[in-house]
Amino acid sequence: MTAAAGVRRALAKVSGIGRHWSGKAGEVDAFDAKAAALAALATAGAPMQALQVVPGGPPWLHPGRSGTIQIGPHNVLGHFGELHPRALEALNAEGPLVAFEVILERLPEPKVRATRAKPVLDLSPLQPVERDFAFLVDRSVKAADILRAAQSADRKLVAAVTVFDVYEGEGIEAGKKSIAIAVTLQPREKTMTDAEIEAVAGKIVTEVSKRTGGTLRA
């Protein structure tokens, strides 16, 4: 089994110490590990459009600060997040310490094109747009179901969908939970207008509601 893995510690953020526009050099967190894991998968040729990110990971990661990257419910490509305090203790290491691991053999084989020419690399020069949504759903609804619904709303514009929060507790009625997702829209031909962004957002809400029965939280 071949794995690509990495570790970041203390102030070793993706953006580099002192380079963030705010001037604050924060400590590493699960989002830095996630960015590194996705970069490794993209370099290895993973179908980024098909990736799903759901909360949680193996026991050596913190249960509330980790995630799993998968293609569908049965093909788990890897994990990322902050190391569990017990793992830090076993390693005699000081935190914060984040890590990722992706299994390269689990990447699907690229589709063979009936041409001798190499496919054109489709990189858009336009700025992506990010929108957050929080849905109230039945406790039995899986985060992956919401991810698939959001991705299917507009396959040309929706470039990525990830879960960044799952909440049950005060303010949420019994038998329900809140699942929050971040959606990245990647325009191809021109910068999207506010009206066009809202139209896609409406499609996402409609598709999630239709497939999961979820409602948008105010």
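The numbers here are math on the coordinates, done by the rules we state, and not lab data. Worth saying up front: this structure is predicted, and the values here are computed from it rather than measured. Neighbour counts are summed over all protein chains in view; Cβ atoms, including those assigned to glycine, are modelled from backbone coordinates with ideal geometry.
Counting only residues at least eight positions apart within a chain, or on another chain, the aspartates and glutamates with an alpha carbon under 12 Å from that of K176 are D138, E168.
Using R0 = 35 Å, the C-beta based FRET efficiency linking D29 and K190 works out to 0.50. The length gained by stretching the chain between A93 and I71 to full extension, at 0.36 nm per residue less their Cα-Cα distance, is 4.7 nm.
When you restrict to C-alpha pairs under 8 Å that are six or more residues apart and normalise by the size of the chain, the relative contact order lands at 20 percent. Between the exposed loop cleavage positions of the chain, defined as GluC sites (Glu not before Pro) in a non-H, G, I, E, B DSSP state with at most 16 neighbouring beta-carbon atoms within 10 angstrom, the longest gap is 95-167. For the chain, the Cβ-based charge dipole about the Cα centre amounts to some 680 debye (Lys, Arg positive; Asp, Glu negative; other atoms uncharged). Considering only trypsin sites (Lys or Arg not before Pro) in DSSP loops that have at most 15 other Cβ atoms within 10 Å, the longest stretch of the chain without any of them is 25-110.
Classification of the range 59-218 by its C-alpha gyration tensor yields an oblate form. The axis ratio a/c (a ≥ b ≥ c) is 1.5 or more, and b/c is at least a/b. In the chain, helices alone account for a calculated mean residue ellipticity at 222 nm of -7000 deg cm²/dmol, with every DSSP H run of four or more residues adding -39,500 (n - 2.57).
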